[in-house]
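All remarks here apply to the structure that follows.
The values are calculated or read from the model by the stated rules, or taken from the named source; none is laboratory data. Source: prediction; values computed, not measured. Backbone-built Cβ (ideal geometry, glycine too); neighbour counts: all protein chains shown. For the accessible areas, the whole protein counts, side chains as well, though only heavy atoms, and no ligand, DNA or RNA atoms are used. Shrake-Rupley method; radii C 1.70, N 1.55, O 1.52, S 1.80 Å.
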Amino acid sequence: MKKTFLTITILGMLLGLLTACSTAAETDLSIPESSDLQSSDSTRITIYSPMSTSSIPVILAAAQFPEVDLVLYTNQSQANTEFLRGDADLLVSGLSVSVDLYRNGAPVQTVNSLVSGLSYLVTTGSPVTSISDLAGKSVYVPFEGSPIDEIMAYLAKENGLEWKQDIQPVYSPFDSSIDLLKQGEAEAVVLPEPSVTLVEDQPGVSISLDLFDEWNRATGSEDGYPQVVTLVNPEWADENSEFLAKFNQALENAILSIQDDPEFVIEQVKDNYKLTPEKLLKSMNRTRYSLLSGADMRDAVETYYQTIGKPLDENFTDFYFIIAY
């Protein structure tokens, strides 16, 4: 796998920026050392994907390729670093991670978008039935400028409220927010799956709003918005476009399998997770999968950023790897 001087020099700069951009809740499972992942066979393809239900289609798709090694990671910053230095050929991560990497000069492109909804407003006490019910309340979100922060600001505006004025964000890592929620000290927290499923049985906790539904209601869409994407190094992608086309098709087939027979899918993937099969099924059913590639992916990403008032400029022309069929 190719390494470039640019990749090495930007690692230090990006490390602090991207630490907080994880789309998945942390567990105590650590990523293997990169030396353990490398194969002497240069035809091997390594995919890093988060330890969350976002990765279920990736697990199913990767199993279709004997040359693929799949690593489920819990440390976003470490996964970014190892991908940039060439230890992983594909990195499945949050859209915001890919945008930040690209904006900071990293050699990355997006191949697809595969998740369009996984975040929920979780509350204590009386359930919230609309964004407007949050007026005068505080809402815990992971960090300022995060995708959740951006979405809540947009949804507040669409419901006639001002984010940071009518609704007060409290910036707190997911783990800290979850602890406060369990203690009844956080009134409202926005969480992604599988964290939502892990806290729903706590006394007094309610899953109040699905941000997928709130986005669709505000925009008139039915498809949510792109949240989890697959990243590649452009040079590697050019040399492996045939594999990427097949991988996209395998992901699409995997998503159809999830829709057609979710219980069977859970049996196939359950050994990769510490959740019970019952909780894993709940979490998977709350995760909205939708495979977009090519021009459809590009249009969805650009529409999302345009809608939230942060349009991508002309420098993002090469942000997308469009496979020529």
Just one of (i) 20.1; (ii) 24.3; (iii) 22.5 is Kirkwood radius over Cα pairs in Å calculated from these coordinates, so which is it? (i)
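Among DSSP beta bridges lying fully in the chain, give the percent that are antiparallel, nearest 5. Intermediate values should be presented prior to the final figure.
Numbers: 24 of 39 bridges.
Within the chain, antiparallel bridges account for around 60 percent of the total.
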CD proxy at 222 nm, helix term only [per DSSP H run n ≥ 4: -39500 (n - 2.57); per residue of the chain; nearest 500]: -12000 deg cm²/dmol
Ordering 174-183, 139-148, 91-100 by per-residue average of other C-beta atoms within 10 angstrom, highest first, gives 91-100, 139-148, 174-183
In whole Hz and in residue order, list the ³J(HN,Hα) couplings for the range 117-123 that follow from phi through the Karplus curve 6.51 cos²θ - 1.76 cosθ + 1.60, θ = phi - 60°; x for Gly and Pro. x, 7, 10, 9, 8, 10, 10
Using a 10 angstrom cutoff on alpha carbons, build the Gaussian network for the chain and name the most mobile of 53, 43, 74. 43
So the FRET efficiency between residue 207 and residue 295, C-beta based with R0 = 51 Å and rounded to 0.05, is 0.90
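Over the chain, what percent of the accessible surface lies on carbon and sulfur atoms, probe 1.4 Å? Intermediate results must be reported in sequence, preceding the final value.
On the way: 6670 of 14170 Å².
Carbon plus sulfur share of accessible area: 47 percent.
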Could you let me know the centre-to-centre spacing of the range 56-73 and the range 203-238, using Cα atoms, in angstrom? 22
Enter the accessible area of residue 56 (Å², nearest 10), with the probe set to 1.4 Å and all protein chains included. 0
